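The values are calculated or read from the model by the stated rules, or taken from the named source; none is laboratory data. Predicted, not measured: the structure shown is a model, and the values here were computed from it. Every residue, glycine among them, receives a Cβ derived from its backbone with ideal geometry; neighbour counts consider all protein chains shown.
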């Protein structure tokens, strides 16, 4: 196990060195990672497991979204929470839902995404679902390699459909299938088969 962890850490360091990613400039946004209003390590009063916080930090998305993947309760339309360019902005333009006087933090209403938020092309869906696959892999690893391959086939199938049908109908199909998969068992490879 330690050898696998060392190999993974080495691969991650090598990939980061050879494929540097620009840091997301959140200076213009009120709700930045680490901001007292919303922290990547907390969601309300709930603490997250360390691996969830690490993944969220690495992908620059909210820990709450990663945690929902971890417990199998991720809402498919909210895949956009896993898009690093949108993930932190789910609270933007939302009103406060009150104040937690014991901790002194504001409680914010979460934005729930709709099909309109995905636009007219599959690009946002691709980014968000690819990050879902990355999160799933980092949480469950090679133990679920068959599920990871099925997830990639599912993404490929949705993209092939989008070449023939309207993106709106393809997105509706994808969300219906993802909801059915979530409601049954996200770890069952048979659920992911098309």
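Please enumerate the residues belonging to the range 32-58 that are modelled with pLDDT of 85 or more and either in a loop (DSSP other than H, G, I, E, B) or buried (at least 19 other Cβ atoms within 10 Å of the Cβ) (or both).
48, 49, 52, 55, 56
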Legend entry - Condition broken by residue 121, with the remaining ones in (1) at pLDDT 90 or above; (2) under 13 Å from residue 171 (Cα atoms); (3) within 15 Å of the chain's Cα centre (by Cα); (4) surrounded by fewer than 19 Cβ atoms within 10 Å (Cβ to Cβ) satisfied: (3)
Inset, instruction - Please work out which residue is modelled with the lowest pLDDT, limiting yourself to the range 63-84 and to residues that are part of a loop (DSSP other than H, G, I, E, B) and under 15 Å from residue 134 (Cβ atoms). - result: 84
Inset, instruction - Taking only the range 143-169 into account, find how many residues are in a helix (DSSP H, G or I) and more than 14 Å from residue 125 (Cα to Cα). - result: 11
